[in-house]
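Derivation of every value follows stated rules applied to the coordinates shown; laboratory data play no part. The structure presented is a predicted model; accordingly, all values stated were derived computationally and were not measured. Ideal geometry is used to build each Cβ from the backbone, glycine not excepted, and the neighbour counts take in all protein chains shown.
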């Protein structure tokens, strides 16, 4: 299992030591403090960074989230949801997202909706690997990795 420092080193090797590394570090800290968190969005990641008095660009946040969800890193799962109203998001598979965008049909009610694609959102969910990494680093034996 890779440590957060090893992940940050890889991230730095790709993007340099700038916004992506800082954003990832703040996200790791947040997830360590909030182990119940399971719905990581661009907006939440921005708020996490801004709470630390850091203002990354949306591009930097997206690159960070994509990196952490990439094959070989696998710390975040990419997930999709259809948001028809504030109270009822519907999880979608990748195939359902493709169908919604291509066919413009609401999968909930079967009606044609030319704007349905704009109601699909991506979010990220911490994987078991992420949880285990953070747990091992927060335990007394794992500190300093």
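Between region 23-63 and region 67-145, how far is it from one alpha carbon centroid to the other, in angstrom?
When both Cα centres are located, 15 Å separates them.
Between 15, 124, 67, where does the largest GNM mean-square fluctuation fall for the chain, given springs only between Cα atoms within less than 10 Å?
Fluctuation is largest for 15.
Who wins for biggest fluctuation among 110, 16, 72 in a Gaussian network model of the chain, springs between alpha carbons below 10 Å?
110
Name the residues of region 1-34 whose amide N is less than 15 Å from a point 7 angstrom out from the Cα of residue 66 along the C-beta direction?
11, 14-16, 20-21
Quick one: the Cα spread of region 52-134 along its three principal axes, in angstroms, biggest first?
For region 52-134, the Cα extents along the three principal axes come out at 43, 28, 24 Å.
So for 62, 108, fewest C-beta neighbours within 10 Å to most, what's the order? Present the calculation step by step, with values, prior to reporting the outcome.
Details: 62 16, 108 12.
Ordered from fewest to most neighbouring Cβ atoms within 10 Å, 62, 108 come out as 108, 62.
Given the peptides 127-138, 20-31, arrange them by the average over their residues of other C-beta atoms within 10 Å, most packed first.
Details: 127-138: 15.9, 20-31: 21.2.
Answer by packing, highest mean first, reads 20-31, 127-138.
Helix-only estimate, please: 222 nm mean residue ellipticity of the chain, summing -39500 (n - 2.57) across DSSP H runs of length 4 or more and dividing by its residues, to the nearest 500. Don't jump to the answer; show the numbers that get you there.
Values: 6 runs with 70 residues, N = 145.
That comes out to -15000 deg cm²/dmol.
Going by alpha carbons, how many degrees (0 to 90, nearest 10) lie between the helix axis of 58-69 and the longest principal axis of the chain?
Its long axis makes an angle of about 80 degrees.
What do you get for the angle between helix 42-51 and the principal long axis of the chain? Use alpha-carbon atoms, 0 to 90 degrees, nearest ten.
40
Can you give the FRET efficiency for residue 1 and residue 119, using 1/(1 + (r/R0)^6), R0 = 41 Å, r = Cβ-Cβ distance, to the nearest 0.05?
Details: r = 37 Å, r/R0 = 0.91.
About 0.65, to the nearest 0.05.
What FRET efficiency would be calculated for the residue pair residue 42, residue 112, taking the C-beta separation as r and a Förster radius of 25 Å, to the nearest 0.05?
Details: r = 29 Å, r/R0 = 1.15.
Given R0 = 25 Å and the Cβ-Cβ separation, E is 0.30.
Angle check, please: helix 128-138 long axis (alpha carbons) against the longest principal axis of the chain (alpha carbons), in degrees 0 to 90, nearest 10.
30
For each of 122, 14, 61, count neighbouring Cβ atoms within 10 Å of the residue's Cβ, then give the residues from fewest to most.
Numbers: 122 15, 14 11, 61 23.
So the residues, fewest neighbours to most, are 14, 122, 61.
Please rank 69, 121, 139, fewest neighbouring Cβ atoms within 10 Å first, as an exposure proxy. Display every interim value, and only then the final one.
Values: 69 19, 121 15, 139 9.
Neighbour counts put them in this order, fewest first: 139, 121, 69.
Evaluate Rg over Rh across the chain, taking Cα atoms for both radii and Kirkwood's formula for Rh.
Values: Rg = 17.0 Å, Rh = 16.5 Å.
With Rg and the Kirkwood Rh in hand, the quotient comes to 1.03.
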